[in-house]
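The structure appears below as structure tokens.
Derivation of every value follows stated rules applied to the coordinates shown; laboratory data play no part. Here the structure is a predicted model, which is why all the values come from computation and not from measurement. FYI the Cβ positions are ideal-geometry reconstructions off the backbone, even for glycines, and counts take in every protein chain you see.
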Amino acid sequence: MTMTKEEKQKIIDSYKQHDNDTGSTEVQIALLTNRILELTEHLKIHKHDESSRRGLLKLVGQRKSFLAYLKKRDYKKYLSMTEKLNIRTK
């Protein structure tokens, strides 16, 4: 199940930094987290769907890279993002 435009816009609106912001690190992390949660639910039902599992692992790696970047650039934002999105930290 993919995200509708309204769901995506709602996520963007809640994490954007300014009016025209659609691609900041925070927005991308939030969108990836939403997609990861959707794929996780899908894989609970369809255990042998290996292509979706591979896609999930790629998304998790991508989100990990964004989180590492945010951690280096602004540690306070990193902590608030992980807290809001319920992402485990090391």
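On a 0 to 90 degree scale, rounded to 10, what angle separates helix 5-15 from the longest Cα axis of the chain? The angle comes out at about 40 degrees. Are any of the pairs Lys58/Lys84; Lys47/Lys90; Lys8/Lys90 more than 25 Å apart by Cα-Cα distance, and if so, which? Violating the 25 Å Cα-Cα cut-off are Lys47/Lys90; Lys8/Lys90. Nearest 10 degrees, 0 to 90: what angle lies between the long axis of helix 50-73 and the longest principal axis of the chain (Cα atoms)? On a 0 to 90 degree scale, this one is about 10.
Cβ-to-Cβ counts within 10 Å put Ser51, Ser65 in ascending order as Ser51, Ser65, the fewest first. Between the Cα long axis of helix 25-45 and the first principal axis of the chain there is an angle of about 20°, rounded to the nearest 10. Checking (1) 33, 25, 22; (2) 40, 33, 17; (3) 36, 29, 23 against the coordinates, the calculated Cα extents along the principal axes in Å falls under label (2).
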